[in-house]
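Coordinate-derived values only; no laboratory data. Just so you know, these numbers come straight off a predicted model, no measurement behind them. Because the Cβ atoms are built from the backbone with ideal geometry, glycine has one as well, and the counts that use them run over all protein chains shown.
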Amino acid sequence: MEDFLKDLGITQHKLAVSIGVPPRRINEIVHGKRAITADTALRLAKFFGMSPQFWLGLQTQYDLDVAEDKVFCELEQIQAINVA
């Protein structure tokens, strides 16, 4: 999200004020310390003229990346089932 804001020339504070959330919420999202909730996704979607699914999709991808990093070795040990 940080690059997205920079490309548009919008500060975290301006975004927060514009969508009616505390600036800390945007800062924590940008730094990966807080998830994008459905509420925040709706607000971001309205502000940027995008779908809330776009924002929730970004969150889901981030969550999957973090989870994969944590369990990578375990995932390597799992054998796929052969369905004939």
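When the residues of segment 20-37 are filtered to those that are free of Cβ contacts under 8 Å to residues at least 12 places away in the same chain and of a type in the set (Lys, Arg), the one that is surrounded by the fewest Cβ atoms within 10 Å (Cβ to Cβ) is LYS33.
For segment 38-68, enumerate the residues that are among the hydroxyl-bearing types (Ser, Thr, Tyr) and either buried (at least 16 other Cβ atoms within 10 Å of the Cβ) or part of a helix (DSSP H, G or I) (or both).
THR40, THR60, TYR62
Against the criterion of being in contact with a Phe, Trp or Tyr (Cβ under 9 Å, 6 or more places away or on another chain) and either polar (S, T, N, Q) or touching a residue at least 60 places away in the same chain (Cβ under 8 Å) (or both), THR40 qualifies.
Being without any contact (Cβ under 8 Å) to a residue 24 or more places away in the chain, loosely packed, with under 12 Cβ neighbours inside 10 Å and polar (S, T, N, Q): is that true of GLN12 here? So GLN12 fails the test. Looking only at segment 30-84, filter to residues that are more than 16 Å from the chain's Cα centre (by Cα) and among the aliphatic types (A, V, I, L, M); which one of those is farthest from ILE10 (Cα to Cα)? Among those that are more than 16 Å from the chain's Cα centre (by Cα) and among the aliphatic types (A, V, I, L, M), it is ALA84. Can GLN12 be described as out of contact with any helix residue (DSSP H, G or I) (no Cβ under 6 Å at 6 or more places or on another chain) and polar (S, T, N, Q)? For GLN12, the condition - out of contact with any helix residue (DSSP H, G or I) (no Cβ under 6 Å at 6 or more places or on another chain) and polar (S, T, N, Q) - is not met.
Considering only segment 1-37, state which residues are part of a loop (DSSP other than H, G, I, E, B) and either basic (Lys, Arg) or closer than 16 Å to GLN61 by Cα (or both). Answer for segment 1-37, where residues must be part of a loop (DSSP other than H, G, I, E, B) and either basic (Lys, Arg) or closer than 16 Å to GLN61 by Cα (or both): MET1, HIS31, GLY32, LYS33, ARG34, ALA35, ILE36, THR37.
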